[in-house]
Amino acid sequence: MPLTETRSDPNPKPEHRDVLSFSRLSVVSDCGEKYRLRYVDGIRGPRGVRMLIGKAVHAGIELNLRHMAANDLAPAALDAVQTATRDALAVDWKKGDVNWSGEYESEDDASSQAVDMAVDFATTHFTDVAPMIRPEKMEVEGTITTPLGFDISMVKDIVEVDGTIRDTKTRAKKAGDQEAALSDQLALYALHSELQGKPAPRVVLDILVRTPAGKNYSQTLEAPPPPPERYQRVVSLLERAHLVIRSGNYMPNPGSNLCSKRFCEFAQMGICPFWSGRE
């Protein structure tokens with residue numbers, strides 16, 4: 001099924017179209033009940049420490065790459081990147097509602113370890129990954145208009161001068177070699193560029209790893225250009241998710257490994273009647 005790129009229309013027709021992020025569509029694909037509680041009922045559970053770490057790392061990375069883009073690839077000072085990372089985490093932590101129980105002895109212990117992890121991730125990106133990047137833009141928004149009654153919004157972490165799209169993830173262990181090739185999110189990034197009439201872009205996944213033993217390293221995985229059937233698979237999955245949202249028939253998924261306290265805030269809060277019982 002063909003898709004079209006969003007373009008301005010001087011005489012737009014009054015039409016209601018849902019604009020959904022890839023993350024929202026992914027949640028409803030994983031578990032309809034989780035989507036209902038979070039986005040329909042508006043219940044917000046405690047935020048995970050890993051999520052806050054990831055946001056802080058992105059703040060440090062963005063400071064460095066914006067400096068590089070404006071200064072002929074000259075990097076920012078490492079201590080400035082580390083400070084930006086610490087500050088972003090501190091500001092977010094002060095907002096409260098952080099779920100630190102289970103892995104840490106106290107909130108102070110959780111906060112201290114989170115700072116160390118975030119700074120290590122940002123430092124690894126600064127030393128190992130950033131020198132390979134020729135940044136042009138950061139946090140680039142885009143929209144794909146589909147003939148399915150909804151649009152898909154996205155934000156590309158980094159776009160390089162040559163059009164390369166890069167996404168950055170933080171992990172506690174090495175990723176599989178096929179993770180980038182099998183990523184639906186990266187396939188959508190590539191599709192968005194093609195719909196703009198641009199050549200198929202190079203799409204890269206940079207993974208920052210900090211093991212439980214404190215070892216830090218990075219992986220760079222390149223996604224090959226998705227074949228047409230890959231795009232069709234992604235579109236079919238998103239169409240199915242959108243039909244669930246429009247129908248309001250939010251089916252739980254207790255058989256999934258994601259139905260656990262580790263991955264679901266509503267299992268942690270004890271308010272999901274379909275929780276599998278997994279920790």
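The values are calculated or read from the model by the stated rules, or taken from the named source; none is laboratory data. Keep in mind that what you see is a predicted model, and the values were worked out from it rather than measured. So basically every Cβ, Gly included, is an ideal-geometry build from the backbone, and we count neighbours across all protein chains shown.
Listed values, structure above:
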quantity: Any hit, the stretch 157-167, residues being at pLDDT 95 or above, more than 22 Å from the chain's Cα centre (by Cα), closer than 20 Å to Thr220 by Cβ and not aliphatic (A, V, I, L, M); calculated: no
quantity: Some residue of the stretch 141-153 being more than 24 Å from Ala70 (Cβ to Cβ), loosely packed, with under 13 Cβ neighbours inside 10 Å and modelled with pLDDT under 85; calculated: yes
quantity: Ala114, sole failed condition from (1) in a helix (DSSP H, G or I); (2) over 20 Å from the mean Cα position of the chain (by Cα); calculated: (2)
quantity: Residues of the stretch 157-199 satisfying the condition of being among the small types (Gly, Ala, Ser), closer than 24 Å to Lys55 by Cα and outside any loop (DSSP other than H, G, I, E, B); calculated: Ala187, Ala190
quantity: Top-ranked residue in the stretch 54-111 [being part of a loop (DSSP other than H, G, I, E, B) and touching a residue at least 60 places away in the same chain (Cβ under 8 Å); ranked as farthest from Glu139 (Cα to Cα)]; calculated: Gly102
quantity: Any hit, the stretch 225-245, residues being in a strand (DSSP E or B), out of contact with any Asp or Glu (no Cβ under 9 Å at 6 or more places or on another chain) and surrounded by 12 or more Cβ atoms within 10 Å (Cβ to Cβ); calculated: no
quantity: Selection count where residues are touching a residue at least 24 places away in the same chain (Cβ under 8 Å), surrounded by fewer than 21 Cβ atoms within 10 Å (Cβ to Cβ) and not in a helix (DSSP H, G or I), scope the stretch 29-53; calculated: 6
quantity: Residue among Ala213, Ala181, Ala187, Ala172 that is over 14 Å from the mean Cα position of the chain (by Cα), within 25 Å of Leu25 (Cβ to Cβ) and either at pLDDT 90 or above or of a type outside the set (Ser, Thr, Tyr) (or both); calculated: Ala181
quantity: Matching entry among Leu243, Leu258, Leu238, Leu182 (being touching a Ser or Thr at 6+ places or on another chain (Cβ under 8 Å) and over 19 Å from Met138 (Cα atoms)); calculated: Leu238
quantity: Hits in the stretch 70-98 - residues which are under 23 Å from the mean Cα position of the chain (by Cα) and aliphatic (A, V, I, L, M); calculated: Val81, Ala84, Ala88, Leu89, Ala90, Val91, Val98
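This table checks each residue for (1) closer than 30 Å to Val159 by Cα; (2) of a type in the set (A, V, I, L, M); (3) touching a Lys or Arg at 6+ places or on another chain (Cβ under 6 Å).
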{"site": "Met68", "(1), (2), (3)": "yes, yes, no"}
{"site": "Thr85", "(1), (2), (3)": "yes, no, no"}
{"site": "Ser106", "(1), (2), (3)": "no, no, no"}
{"site": "Asp116", "(1), (2), (3)": "yes, no, no"}
